[in-house]
Amino acid sequence: MSKDSRMRATINQKLTEMGERDRLKELLRAKLTECGWKDQMKAHCKEVIKEKGLEHVTVEDLVVEITPKGRALVPDSVKKELLHRIRAFLSQHAT
Amino acid sequence: MKMEDMPLSGPDNTKLEALVHDIYSELVDDACLGLCFEVHRAVKQGFFFLDETDQESMKEFEIVDQPGVDIFGQVYNQWKNKECECPNCKRLIAASRFAPHLEKCLGMGRNSSRIANRRLASNNNMSKSESDQEDNDDLNDNDWSYGSQNSPRRSKSLKHKNGELGGSIGSEPYKYNYNTGISYESLGPDEVRSLLSTQCGVISEHTKKMCTRSQRCPQHTDEQRRAVRVFLLGPSAPSLPDADTVAESDSFDIPDGQALMSRLQWEDSPDISPTDSASSKASANHSDSRKPKKKKRTSLALNCGGRGWSRSCSSSSSSQSNLSVSSKKKRPKLSAPSISSIYDDLN
């Protein structure tokens, strides 16, 4: 297991060092905005805020409400593309 | 993504795959968190709900989703059928034609001054004698009453023009005049003379107008010019019409189309007189009968030769073409080859 975790750590390190992580982040954000995911989530946020009250809403509230829905609403095409890129990176740089 | 993604093969397959998914989840969570922070900051700073101002304006500008109407609720060609009343001539003009009409009607704008100048120049060339001037004024007055010839394009598309119509095109002050020619039927003898002494003057087959280019105009030959002068001013009139106008002046004393026609008889066509009355009707009613006459004219073109022209014309009662035909001078045969060459071919 430690070998595995070591491998993971190495991979993550490489991902960050080579800038691939940031590139993937940007790619994901762009794609989500483009496909309307962001607007959808914002609308959901509005509902949550109206529910909780404008003055007393906290980050935690939002995170708890938003994250599961957000994960579910990512379109399949975006998901597939990201997975593809990660796999490509791994196959290139894994030992 | 062109092909289906296969999981990585090998013994570490599942682990690697799990790793891939973990990385993906991390990225997605990151995105969600970023959104939350953004929203929270906007809420706390107070600009989150700025796009929802108040209920009234939100309802007012709501997106419309009905057929036949755009998202603002406006109809596409709402103004197509609307008519506006011109403040100048009090006519009802279609909305899309309103601006150009105003330009001509009020005499302002680039085109109208150009046309007016051109008219002025051509009128100055032609109108020398007093009587002709008066008659031209009368013609001008008649022609300025619009009647049904509203659009310049319509008049341009007419294949044949009788004296009235042709004169109206040439003499209206602000009328759009796409043709660069003058109609000889509306001119007195002196005007014709002066015109022919300075300009080419060859009469176009389609428009029955005289060419206003110079005497050396490349579109027409000298033979054509000579033929036109003979036709308009008499058989003994070469390119210098002055010599013979004295003899011929009698024929132009009455420039009225009707009298002209009675005088200028074709040699073997006795049918002019019934058409005289018909043509006087035509000059008053040219608007009504324009379209059918246009069709008849083209069929005429196929059926007639030069001489039998007026006969067939009268028989088909297209008096408009009669006017143009019979207002020619005594020797139509000489002019026929140049003017009506297309008809000769079919004779």
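Assorted remarks:
Conditions tested, residue by residue: (1) free of Cβ contacts under 8 Å to residues at least 60 places away in the same chain; (2) within 24 Å of B:K44 (Cα to Cα).
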position: A:M7; (1), (2): no, no
position: A:R23; (1), (2): yes, no
position: A:L28; (1), (2): yes, no
position: A:M41; (1), (2): yes, yes
position: A:E51; (1), (2): yes, yes
position: A:E55; (1), (2): yes, yes
position: A:P68; (1), (2): yes, yes
position: A:A72; (1), (2): yes, no
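- Hits in the stretch B:184-201 (condition: at pLDDT below 80, surrounded by 24 or more Cβ atoms within 10 Å (Cβ to Cβ) and outside any helix (DSSP H, G or I)): B:L187
- B:V69 of a type in the set (V, I, T) and modelled with pLDDT under 85: yes
- Residue match in the stretch B:75-83 (condition: modelled with pLDDT of 85 or more and surrounded by 11 or more Cβ atoms within 10 Å (Cβ to Cβ)): no
- Some residue of the stretch B:12-33 being modelled with pLDDT under 95 and outside any helix (DSSP H, G or I): yes
- Restricting attention to the stretch A:68-79, the residues that are surrounded by fewer than 18 Cβ atoms within 10 Å (Cβ to Cβ) and within 13 Å of the chain's Cα centre (by Cα) total 7.
The values are calculated or read from the model by the stated rules, or taken from the named source; none is laboratory data. Note that the coordinates shown come from a computational prediction; the quantities given were computed from them, not determined experimentally. Backbone-built Cβ (ideal geometry, glycine too); neighbour counts: all protein chains shown.
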